Every structure is written in C-alpha cells, then in structure tokens.
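Here's the structure we're looking at; comments come further down.
The values are calculated or read from the model by the stated rules, or taken from the named source; none is laboratory data. These numbers were taken from a predicted model, which means no experiment stands behind them. Note: ideal-geometry Cβ built from the backbone for every residue, glycine included; neighbour counts use all protein chains shown.
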Amino acid sequence: MNFPAELKYTSDHEWIRIEGNEAYIGITEFAQGELGDIVYIDINTVGQEVAKEAVFGTVEAVKTVSDLFMPLKGTILEVNKLLDSQPELVNSDPYGDGWMVKISIQDIAEADGLLTADAYKEIIGA
C-alpha cells in the first residue's frame, strides 16, 4: 500500500496535499480499498466554506456510501470533473488523478494537527 510522505492524513482516511494557501484533498488508498469499487462521488459544496472535520460530500462504492470529511477549514474552489465520468480513478490513482476537491485554506496552522504518513500507517495497522 502506498502512503506518500509529502501528504498529510486524517484518521477519517482523507489525504491533503498543501500547496501554499491552497490544497488538494482525496481519500487514501487504504480507504478506497476498504470501500471497494467506487461508482459515484457527490460533492455539491463548491464555493462554500467548510469547517474542519465537517462533511463536504459523499463517495458511493459498490458496498456502501461514505461521508467525506474536510481535513482543514477552507473554501472549496473546485471539484475534480474527471470523476464525473471516471469515478474509478479514485481506485486506480487515489493520490494523483483521483483527487476530489481543491480548497483555499483558511487557517494553515490547523495543518499541524494532521497525521504524517508514518502516523497514519500506525493508525490503520499497516
């Protein structure tokens, strides 16, 4: 299983790649493996400010539907439009083309509370 060291992680299985005052967010390889084949992603919060740990959308897999939680307080700038027609990208490339949203970060200091790759691996027992 892959856990890129340059990303930060949440105990809810989201990853975040911070680029200045913006960030990309998706779900981890572990999460997509647990969910199974992803068939639909519902994110209707574009333009909205979403609090840290609040739900910003859902992901639907063959097995279940799961909420997506915001790692940092921010405004959702963009949803990955590729996922409209290719939700399976979350399964095949969760840290690349399978990203879900791009946000504008409200408080970068909140990132200090996120998990490193090693800390996340410990939580999931990898």
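When the stretch 18-41 is filtered for residues that are charged (D, E, K, R) and over 14 Å from residue 97 (Cβ atoms), the ones remaining, listed by number, are 19, 22, 34, 37.
Residue-by-condition table, conditions (1) assigned to a strand (DSSP E or B); (2) buried (at least 20 other Cβ atoms within 10 Å of the Cβ); (3) of a type in the set (Phe, Trp, Tyr):
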{"position": "45", "(1), (2), (3)": "no, no, no"}
{"position": "59", "(1), (2), (3)": "yes, yes, no"}
{"position": "75", "(1), (2), (3)": "yes, no, no"}
{"position": "96", "(1), (2), (3)": "no, no, no"}
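With respect to the stated conditions, residue 7 is surrounded by 15 or more Cβ atoms within 10 Å (Cβ to Cβ), closer than 19 Å to residue 126 by Cβ, over 10 Å from the mean Cα position of the chain (by Cα) and modelled with pLDDT of 95 or more.
Of all residues in the stretch 98-126, those being part of a loop (DSSP other than H, G, I, E, B) and more than 12 Å from residue 80 (Cβ to Cβ) number 6. Going through (1) out of contact with any strand residue (DSSP E or B) (no Cβ under 6 Å at 6 or more places or on another chain); (2) assigned to a strand (DSSP E or B); (3) surrounded by 21 or more Cβ atoms within 10 Å (Cβ to Cβ) one by one, residue 23 falls short only on (1).
Across the stretch 30-77, the qualifying residues are those that are β-branched (Val, Ile, Thr) and touching a Gly at 6+ places or on another chain (Cβ under 6 Å), and the one among them that is nearest to residue 17 (Cα to Cα) is 43. When the stretch 31-43 is filtered for residues that are within 15 Å of residue 70 (Cα to Cα) and assigned to a loop (DSSP other than H, G, I, E, B), only 43 remains. Within the stretch 67-112, being among the hydroxyl-bearing types (Ser, Thr, Tyr), within 13 Å of residue 28 (Cα to Cα) and touching a residue at least 12 places away in the same chain (Cβ under 8 Å) holds for one residue alone: 95. Residues in the stretch 66-87 that are in contact with an Asp or Glu (Cβ under 7 Å, 6 or more places away or on another chain) and of a type in the set (D, E, K, R): 73 alone. Among the residues of the stretch 75-97, is there at least one that is more than 12 Å from the chain's Cα centre (by Cα) and under 19 Å from residue 115 (Cα atoms)? No: zero hits.
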